[in-house]
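Have a look at the structure below before the remarks.
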Number of protein chains: 2
Amino acid sequence: MSIASMRKALTGVSGVPVTAYDGGGEVEPRITAKVYARAAAAGIHNIVAAGNTGEFYALTPQEIRIVHEAAVAGVDGQAPVTAAVGRSLREAIGMARDAAAMGASAVMSHQPVDPFAAPSAQIDYFCNLADASALPLVAYVRAEGFSVAEIVRLANHGNIAGIKFATTDLMLLSRAIPAADPNGALFVCGLAESWAPTFTAAGARGFTSGLVNVAPKLSLAVHDALERGDFAAARAIVGKLEPFERMRTKFRSGANVTVVKEAVTYSGLDVGPVRAPGLPQLDQQDREELHRLLRGWEAEGDIQTQPDRQAVKAAG
Amino acid sequence: MSIASMRKALTGVSGVPVTAYDGGGEVEPRITAKVYARAAAAGIHNIVAAGNTGEFYALTPQEIRIVHEAAVAGVDGQAPVTAAVGRSLREAIGMARDAAAMGASAVMSHQPVDPFAAPSAQIDYFCNLADASALPLVAYVRAEGFSVAEIVRLANHGNIAGIKFATTDLMLLSRAIPAADPNGALFVCGLAESWAPTFTAAGARGFTSGLVNVAPKLSLAVHDALERGDFAAARAIVGKLEPFERMRTKFRSGANVTVVKEAVTYSGLDVGPVRAPGLPQLDQQDREELHRLLRGWEAEGDIQTQPDRQAVKAAG
């Protein structure tokens with residue numbers, strides 16, 4: 001995909017589907033593909049394969065490949081597929097090459113995880129990957145401590161379509177956006193719906209979302225409101241989502257993916273538990289609270305359920 | 001190695017050698033083996049292969065294997081080799097199996113890097129790895145937010161020889177040590193010489209070190225002083241090391257490995273730059289400051305130099 005088209009897609013919602021496991025704990029590619037197909041059918045603008053909500057770090061390289069393939073198959077050309085890559089720079093370059101060969105539209109680089117990472121050398125990591133990648137890159141910035149000049153260097157790289165900005169340093173964001181080339185990388189809110197209004201006010205466009213796994217209508221409604229400049233409407237929908245997003249922050253955000261997966265299973269696709277070091281599953285009380293919330297959303301037509309869905313078990 | 005012998009080794013200095021690269025940026029196994037041999041010859045009690053000072057996260061799995069092999073060859077039975085393993089749990093289990101086959105004495109699990117990690121599930125990650133490993137495990141705790149009960153669960157696992165405790169939460173350490181089984185895992189200071197006196201006062205024993213790459217005598221002198229209970233002597237040596245350790249914290253600790261590698265190169269073993277996202281090399285001013293410090297240590301007989309060392313280039 002051209003970098004211009006990819007930038008356009010990034011102005012929308014970048015959804016991050018979960019990875020399904022079977023009863024033996026192995027990646028289940030058919031159910032995983034269904035999760036991706038559902039997000040694409042809902043009209044999500046960009047689909048990120050094997051992101052953090054897809055448990056990237058808990059997967060082996062071979063499993064990441066299976067998820068990327070399931071994503072391309074499930075999305076089936078209805079939206080760009082942005083394949084998430086990472087680990088050592090050499091491995092990330094290899095994964096980017098594989099993603100191009102399997103028909104992905106772009107790659108997203110996970111943040112480097114080395115505990116001793118210099119801000120300038122983290123930028124080098126992303127730029128070296130962008131140099132080596134045939135596909136446009138989205139750089140996932142989660143670390144603190146970058147200067148405006150360093151973020152601008154990243155944004156102005158010719159093969160970087162977007163920066164998934166995932167720290168709460170809104171002053172850095174506010175200063176970097178006007179300092180960067182307006183035709184360079186798009187700055188995207190990397191902290192989902194709850195942060196999208198403030199990031200949009202600072203000049204970012206689009207946002208990433210785990211909520212799309214179960215309630216893509218609500219994500220798209222937040223996006224529509226922000227595109228119209230209707231911050232009050234966006235805040236109202238964010239307020240509705242807030243109990244869901246807040247539950248994801250439990251256990252030092254160890255429940256982040258767990259809440260999403262339990263909601264997808266509620267909706268009729270059994271995607272299994274979360275692997276360690278994520279919280280494997282919710283306790284009975286949290287699960288009941290989640291189900292109460294989802295029943296309310298369901299009554300209002302806000303969640304996606306499977307046509308062949310079985311009655312939900314007694315938990316809720 | 002028996003878990004009792006491994007616990008004993010951990011009461012000493014756990015040295016973490018650097019990984020050497022050749023001019024083309026590839027891992028250089030012969031020079032890497034020499035770095036390991038030098039630490040062992042100096043009497044370091046436990047040698048950690050492919051730790052963070054060894055750039056674990058910047059290496060591919062195949063390169064990690066090469067480093068583990070170079071470590072076993074270089075140490076040559078003079079000390080236990082603790083092979084560092086990590087990434088997804090499945091990969092860590094595979095690396096632990098390989099480490100046992102190549103003759104390592106123990107494995108150390110790097111901290112899980114998933115951004116959404118629940119404290120209890122991080123403990124599960126370590127315990128599941130310890131269950132699966134034929135070799136005793138050292139668990140590397142870098143994350144915040146654990147309860148005393150969670151740390152005690154880790155310490156009391158039958159196949160965990162030690163906890164490399166690498167956060168500054170000294171109250172958690174002080175409470176966990178007396179609550180854990182005294183015959184369980186040893187609590188080791190994971191923040192090197194500078195933190196060793198305070199950790200020792202809280203009940204930890206032994207410490208990890210990157211300084212051993214160039215000045216093992218100083219590391220061992222800190223250790224001897226703490227074993228004697230002579231905190232004033234330990235502080236005096238730590239004060240001497242302080243400019244070295246402080247320089248390692250530059251660029252948000254992005255210079256951590258860089259300072260060590262430049263010092264090893266100064267000593268006569270050219271180990272090359274650091275890979276991104278570490279700082280590749282020091283600027284001229286920092287290098288000159290480092291060389292001044294090392295010349296002073298050299299004059300006092302505190303650093304290890306190679307017998308065949310060339311005159312150091314003009315930099316200093």
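Structure above, values below:
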item: The protein assembly as shown, Rg to Rh (Cα coordinates; Rh as Kirkwood inverse mean 1/r); result: 0.99
item: Accessible carbon and sulfur surface of the protein assembly as shown relative to its total accessible area, %, 1.4 Å; result: 52 percent
item: Trypsin sites (Lys or Arg not before Pro) restricted to the range B:157-264 and DSSP loop, no more than 10 other C-beta within 10 Å; result: none
item: Mean separation of Cα contacts under 8 Å (6+ apart) over length of the range A:3-228, as relative contact order %; result: 21 percent
item: Chain B: calculated mean residue ellipticity at 222 nm from DSSP helix runs of at least 4, using -39500 (n - 2.57); result: -15000 deg cm²/dmol
item: Cα-centred dipole magnitude for chain B, charges only on beta-carbon of K, R (+1) and D, E (-1), debye, nearest 20; result: 260 debye
item: Gap separating the Cα centres of the range A:175-248 and the range B:217-262, nearest whole Å; result: 46 Å
item: Highest to lowest packing among B:189-197, B:87-95, A:298-306, scored as the average C-beta count within 10 Å; result: B:189-197, B:87-95, A:298-306
item: Unit charges on C-beta of K, R, D, E only; dipole of the range B:166-238, Debye; result: 80 debye
item: Inter-copy label distances at A:GLU242 (7 Å, Cα→Cβ; nm, one decimal); result: 4.8
item: Area hidden from solvent between A and B (accessible, protein heavy atoms only, 1.4 Å, total, Å²); result: 3400 Å²
item: Solvent-accessible area per residue for chain B (1.4 angstrom probe, square angstrom); result: 36 Å²
item: Closest approach to the A/B rotation axis among chain A Cβ atoms, residue and whole-Å value; result: A:VAL113, 2
item: Cβ neighbours within 10 Å from other chains - mean over B:274-284; result: 6
item: Order of exposure, largest accessible area first, which applies to B:ASP169, B:ASP308, A:ASP286, A:ASP114 with probe 1.4 Å; result: B:ASP308, B:ASP169, A:ASP114, A:ASP286
item: Amide H partners (placed H, <5 Å) of B:SER14, local residues excluded; result: B:PHE207, B:THR208, B:SER209
item: Label geometry 7 Å along the beta-carbon vector: B:ASP283 inter-copy distances in nm; result: 5.2
item: Shielding by other protein chains, B:59-69, mean Cβ within 10 Å; result: 2
item: Two-site label geometry, A:SER147 and A:THR249: point separation in nm, points 7 Å out along Cα→Cβ; result: 3.2 nm
item: Distance between the range B:29-64 and the range A:271-288 - C-alpha centres, whole angstrom; result: 38 Å
item: Inter-chain Cβ neighbour average for residues B:142-152, partner chain, 10 Å; result: 1
item: Per-copy distances of the B:ALA143 label point, shortest first, in nm (7 angstrom along Cα→Cβ); result: 2.0
item: Magnitude of the charge dipole, the protein assembly as shown, Cβ model with Lys/Arg +1 and Asp/Glu -1, debye to 20; result: 320 debye
item: Packing-based ranking, highest mean first, of B:60-66, A:149-155 given that Cβ atoms within 10 Å are counted; result: A:149-155, B:60-66
item: Computed over the range A:185-316: relative contact order in percent, which uses C-alpha pairs under 8 Å that are six or more apart; result: 20 percent
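The values are calculated or read from the model by the stated rules, or taken from the named source; none is laboratory data. All values derive from a computational prediction rather than experimental measurement. Cβ sites come from the backbone with ideal geometry, for glycine too, and all protein chains shown count toward neighbours. We work out accessible area using only protein heavy atoms, side chains counted, and drop any ligands, DNA or RNA first. Shrake-Rupley method; radii C 1.70, N 1.55, O 1.52, S 1.80 Å.
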